[in-house]
């Protein structure tokens, strides 16, 4: 007997979560909703524990956004080429945002707009049923998902603006204890996001700045500073070596520093020749 398809809904507004579950029960009676969660961290934890076939992730949630939760989950998911369950089909749920919608469509990633319309949900259900029935190779399907997430990360956070692109930073104002210093960006080995700050690490010193990493990234030269994880950006010229562990996960060491930094699956394509 073929097992019933399963799903997880991550939505921080309980009434909207319940409404989506009710609409799914009508549009896809065979679908079993395993869990409703209200924040991004719980979405990742429950998805790993339950391994559903489909994920409905609200774009805006406490803790982690739906997109951040999806990228963290992709990084933690058991390798799909080792006989493990395929990565779930992803559907993002969002209030109307024309730039986000354009990004979803450009990356061929399915989405639902709030409030969810019956006709649109039925179309999504049909696509999901076709996807699950196709049973494409798990590793190939996973690579497609990673590619789509990379595209969304690049497009969704920053809506187009009529203003010119920000100028690239050459000097950073950083905190060093009670003092403030001017640090050449070229001297930075890596940036690492923490709870409320970003660590700015040179070969000999560490500093803190309040600018969020997502706001800092557009001001950095993308040819020089590579994002290797959701919260980590490295100076490519400072990369000493990249290693792969027995599970196939990559990490790197930087010249002048002792840290070993994890490389997310989402950004491992930069090092695919290894």
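The values are calculated or read from the model by the stated rules, or taken from the named source; none is laboratory data. Remember, predicted model here, so these are calculated numbers, not experimental data. Heads up, the Cβs are rebuilt from the backbone with ideal geometry, glycines too, and the neighbour counts pull from every protein chain shown.
Which residues, counting only those in segment 70-108, are under 25 Å from residue 122 (Cα atoms) and at pLDDT 90 or above?
Once the filter is applied, which keeps residues that are under 25 Å from residue 122 (Cα atoms) and at pLDDT 90 or above, segment 70-108 yields 70, 86, 87, 88, 89, 90, 91, 92, 93.
Consider segment 60-78. How many of its residues are in contact with a helix residue (DSSP H, G or I) (Cβ under 8 Å, 6 or more places away or on another chain) and in a loop (DSSP other than H, G, I, E, B)?
7
Okay, residues lined up against (1) within 30 Å of residue 248 (Cβ to Cβ); (2) free of Cβ contacts under 8 Å to residues at least 60 places away in the same chain:
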position: 29; (1), (2): no, yes
position: 34; (1), (2): yes, yes
position: 41; (1), (2): yes, yes
position: 49; (1), (2): yes, yes
position: 65; (1), (2): yes, yes
position: 75; (1), (2): yes, no
position: 95; (1), (2): no, yes
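Please enumerate the residues belonging to segment 234-264 that are closer than 29 Å to residue 80 by Cα and assigned to a loop (DSSP other than H, G, I, E, B).
Within segment 234-264, 245, 246, 247, 248, 249, 259, 264 qualify.
Being touching a strand residue (DSSP E or B) at 6+ places or on another chain (Cβ under 9 Å) and buried (at least 18 other Cβ atoms within 10 Å of the Cβ) narrows it down to one residue among 265, 199; which is it?
Exactly one of 265, 199 is touching a strand residue (DSSP E or B) at 6+ places or on another chain (Cβ under 9 Å) and buried (at least 18 other Cβ atoms within 10 Å of the Cβ), namely 265.
For segment 12-25, which positions are in contact (Cβ under 8 Å) with a residue 40 or more places away in the chain and either part of a strand (DSSP E or B) or closer than 20 Å to residue 127 by Cβ (or both)?
Correct list: 20, 23, 24.
Would you confirm whether or not segment 44-54 contains a residue that is buried (at least 17 other Cβ atoms within 10 Å of the Cβ) and closer than 18 Å to residue 144 by Cα?
Yes.
Given the criteria touching a helix residue (DSSP H, G or I) at 6+ places or on another chain (Cβ under 9 Å), under 22 Å from residue 87 (Cα atoms) and not assigned by TED's automatic domain parsing to the domain that holds residue 146, does residue 203 qualify?
no
Quickly run through segment 26-37 and pick out the residues that are out of contact with any strand residue (DSSP E or B) (no Cβ under 7 Å at 6 or more places or on another chain) and either surrounded by fewer than 18 Cβ atoms within 10 Å (Cβ to Cβ) or not in a loop (DSSP other than H, G, I, E, B) (or both).
Answer for segment 26-37, where residues must be out of contact with any strand residue (DSSP E or B) (no Cβ under 7 Å at 6 or more places or on another chain) and either surrounded by fewer than 18 Cβ atoms within 10 Å (Cβ to Cβ) or not in a loop (DSSP other than H, G, I, E, B) (or both): 26, 27, 29, 30.
Just to check your reading of the model, which residue among 87, 104, 92 is assigned to a strand (DSSP E or B) and buried (at least 18 other Cβ atoms within 10 Å of the Cβ)?
Being assigned to a strand (DSSP E or B) and buried (at least 18 other Cβ atoms within 10 Å of the Cβ) holds for just one of 87, 104, 92, which is 92.
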